[in-house]
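The block underneath contains the structure these notes are about, expressed in structure tokens.
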Amino acid sequence: MIADMNFVGTIQGSATSPLHQQIFGAVNGPTYLQFFDARVKAIGLSGCGDPNAVACVIPMMGSSKMWITQNYIKFSHPQIARSMVVFHESRHTEVNHGNWGHANCPTPFNDPQGNPIKSIWTGAVLAGKPACDITPFGSYGSSLIMLKNVSKFCANCTDKVKTDAGIYADDQFKRIINPQAVAAIKKDLYSVRFQ
Amino acid sequence: MTRKFGFFAIFICLLVAVYMLERAKTASVEVSMSSATATTVEPPAPASVQPEVPAPMPVPIAPSPAPVPVSSVEKVKMLEDILASKNDNDPRLDSEFNNLTDNDKAALQKKYSDENREKLNERGTIVYLLGRTISSSHDLVFIKQVTEEPICNNFENCNAIPRDDDSDHTGANDVTLAYPQVMALKSLERFLQTNPQDYALKQQSLEIVNTAAGSRNDVVARMARQILDQSGQN
């Protein structure tokens, strides 16, 4: 994780989307580290109550403490995906926003082609589960905005990092279910003005 | 009278001799000065009190060294080093794998098949590198094989029974479990976006995406459908 945070700390962006500016500031390594340090005061090892989890925040055990599981090392995630999880969880430390709790995914919960969105493991649909957000500023929204900005504007990232950032950001976007939030993110990052 | 004339003649001869001598001296100085003006631009260097240092020899300008060809074995070794570091931002990924020869591609494909299936980022990175240089039907055969691999159910053992999850803390997992396939499709997406002039390769690519759209792997199927939508094939 230290190596991953060192990597995040080196990021230099050539531009910044307005929502990113609002949440983090500029696309810039030190800005990201400052964001993280301001929220996460301690890191511990835990299983997070889920054999597939990589990291979590358990508010009843301290809202500013992030728990990392062994899967962080064991699972073979791309580096930007590991970083995304860390920043997703860091948003959950914010007590003054109710830890940015998730919303239940709608029923039915389909992709734009009309197919149910489901877990690759169990085949269980995400419909009705607390795995969605209704705002661009929650854990899913903020981390996808971070990654999409890295994908578009990182000036010193490899093409693989930028490609990965785009892939994971696009995947997380399906978790935003409020039409206004979707429109705001599309306007911020998916409109032609940034292409 | 004769004696006077003799003295006078001697006197005249001496005068002429002196005149000739003086003239010759003056002419010598004139030649010397005109010669100096014509050939010397800088004043003469003062006598040096230091030991004379030999002037540096001009350094011949060497031609830029040609890039040393890196063998396929060395390329795979380099990739192994990068993957072991878990640093996806290693700039060599952008610089050392751009012009892959057929031997390089074969070596990387072997590396892919030798890796455990659970090495998802490692295998996906290899697909990414190979997918950047699609230039033949053979390249697409490899990409097709990747997209048709069975679903990886579990990070510790792809063949194990799928684990249940809480759907939130595992948000990135769906994509990572299908990462080699996602990279294969991403490669095809990029290839198709270049509007390839080779009709056969384009059709072969679209067929792979079309097949992937019916994959049992939800992530693969969804991504393939998006690519078909973008390319106006759906």
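The values are calculated or read from the model by the stated rules, or taken from the named source; none is laboratory data. Computed from a prediction, not measured in an experiment: that's the story for all the values here. With ideal geometry, Cβ positions are generated from the backbone for all residues, glycine too; neighbour counts draw on all protein chains shown. Surface accessibility is based on the protein's heavy atoms, side chains included, excluding ligands, DNA and RNA. Shrake-Rupley method; radii C 1.70, N 1.55, O 1.52, S 1.80 Å.
Residues in segment B:97-135 that are surrounded by fewer than 21 Cβ atoms within 10 Å (Cβ to Cβ), among the acidic types (Asp, Glu) and within 11 Å of another protein chain (Cβ to nearest Cβ): B:GLU115, B:GLU118.
Among the residues of segment B:84-132, those that are more than 23 Å from the chain's Cα centre (by Cα) and not in a loop (DSSP other than H, G, I, E, B) comprise B:ALA84, B:GLN109, B:LYS110, B:LYS111, B:TYR112, B:SER113, B:ASP114, B:LEU120, B:ASN121, B:GLU122, B:ARG123, B:GLY124. Filtering segment A:124-154 to residues that are in a helix (DSSP H, G or I), under 26 Å from B:ARG92 (Cβ atoms) and of a type outside the set (A, V, I, L, M) leaves A:LYS148, A:ASN149, A:SER151, A:LYS152, A:PHE153. Restricting attention to segment A:66-83, does a residue exist that is more than 7 Å from chain B (Cβ to nearest Cβ), hydroxyl-bearing (Ser, Thr, Tyr) and in a helix (DSSP H, G or I)? Yes, some residue in segment A:66-83 is more than 7 Å from chain B (Cβ to nearest Cβ), hydroxyl-bearing (Ser, Thr, Tyr) and in a helix (DSSP H, G or I). Quick check: is even one residue across segment B:178-199 crowded, with 21+ Cβ neighbours inside 10 Å, out of contact with any Lys or Arg (no Cβ under 8 Å at 6 or more places or on another chain) and in a loop (DSSP other than H, G, I, E, B)? Yes, segment B:178-199 contains at least one residue that is crowded, with 21+ Cβ neighbours inside 10 Å, out of contact with any Lys or Arg (no Cβ under 8 Å at 6 or more places or on another chain) and in a loop (DSSP other than H, G, I, E, B). Selection of first residues in segment B:88-115 that are of a type in the set (A, V, I, L, M) and of second residues that are assigned to a loop (DSSP other than H, G, I, E, B) and at pLDDT 95 or above, restricted to Cβ pairs under 7 Å at least 6 apart or on distinct chains, gives the following pairs, ordered by first then second residue: B:LEU93/A:THR158. When segment A:90-114 is limited to residues that are at pLDDT below 85, in a loop (DSSP other than H, G, I, E, B) and surrounded by 13 or more Cβ atoms within 10 Å (Cβ to Cβ), the one that is nearest to the chain's Cα centre (by Cα) turns out to be A:ASP111.
Output yes when any residue across segment A:155-176 is part of a loop (DSSP other than H, G, I, E, B), farther than 29 Å from B:CYS158 by Cα and aliphatic (A, V, I, L, M), and no when none is.
Yes, segment A:155-176 has at least one match.
If you go through segment A:47-58 and keep only what is open to solvent by 10 Å² or more (accessible area, probe 1.4 Å) and within 18 Å of the chain's Cα centre (by Cα), you end up with A:CYS48, A:VAL57, A:ILE58. Checking each residue in segment A:41-53 for being assigned to a loop (DSSP other than H, G, I, E, B) and more than 7 Å from every other protein chain (Cβ to nearest Cβ) picks out A:LYS41, A:SER46, A:GLY47, A:GLY49. With the requirement that a residue be more than 38 Å from the chain's Cα centre (by Cα) and of a type outside the set (D, E, K, R), what does segment B:143-157 give you? Listed by number, the residues that qualify are B:ASN153, B:ASN154, B:ASN157.
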